[in-house]
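Asker: The structure follows.
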Amino acid sequence: MPRYHNIDNKRIQFTPEEETARDSEEAAWADGAVAREWVEVRAKRNQLLADSDWRAMSDLTLSDGWTTYRQALRDVGGQADPSNITWPTEPS
């Protein structure tokens, strides 16, 4: 399907060179989708770790449950699919 520019309210069809350039741009964007998903996963993981950092301060004893939870958060990056992450459950 041809693509068009809208220039001065006129539809002007892409040249073959513009089509090729746009195809390359779209392919590069699609190729980076998984990397962008991992960025979001790491941001969420980092926030969850930051939210529980106070429990790991030197004057507190971190329970086994919290130690396991925080390690599971660090291990999230080892999962295979960033769109299907199994997040650990925060201990009670």
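Asker: Which value in nm describes the separation of the simple spin-label points at TRP38 and THR68, placed 7 Å from the Cα toward the beta carbon?
Answerer: 2.9 nm
Asker: Moving on. Ranked highest first by the average count of other Cβ atoms within 10 Å around their residues, in what order do 82-88, 22-28, 69-75 fall? Can you show the working numbers first?
Answerer: Values: 82-88: 13.1, 22-28: 10.3, 69-75: 15.4.
Taking the mean over residues of other Cβ atoms within 10 Å, the ranking is 69-75, 82-88, 22-28.
Asker: For the chain, state the average projected area of the convex hull of the C-alpha atoms over all orientations, rounded to one decimal in nm². Numbers along the way, then the final one.
Answerer: Working: hull surface 41.0 nm².
Value for the chain: 10.2 nm².
Asker: Roughly how many Å² is the accessible area per residue of the chain, as a whole number, for a 1.4 Å probe? If you can, show how the numbers build up before the last one.
Answerer: Details: 7100 Å² over 92 residues.
Here the per-residue accessible area is 77 Å².
Asker: Still on this structure, please answer the following. Length gain on complete extension for the stretch ALA80 to ASP23, per 0.36 nm per residue less the alpha carbon to alpha carbon distance? Don't skip to the answer; put the middle values down first.
Answerer: On the way: separation 57, 0.36 × 57 = 20.52 nm, distance 2.82 nm.
Residue separation times 0.36 nm, minus the Cα-Cα distance, leaves 17.7 nm.
Asker: Probe radius 1.4 Å, ligands and nucleic acids ignored: give me the carbon and sulfur share of the accessible area of the chain as a rounded percent. Write out the running numbers ahead of the final one.
Answerer: Numbers: 3710 of 7100 Å².
So the carbon and sulfur contribution to the accessible surface is 52 percent.
The values are calculated or read from the model by the stated rules, or taken from the named source; none is laboratory data. Note that this is a predicted model, so its numbers are computed, not measured. Every residue, glycine as well, gets a Cβ built from its backbone with ideal geometry; the counts of neighbours run over all protein chains shown. Ligands, DNA and RNA are excluded from the accessible area calculation, which covers all protein heavy atoms including side chains. Shrake-Rupley method; radii C 1.70, N 1.55, O 1.52, S 1.80 Å.
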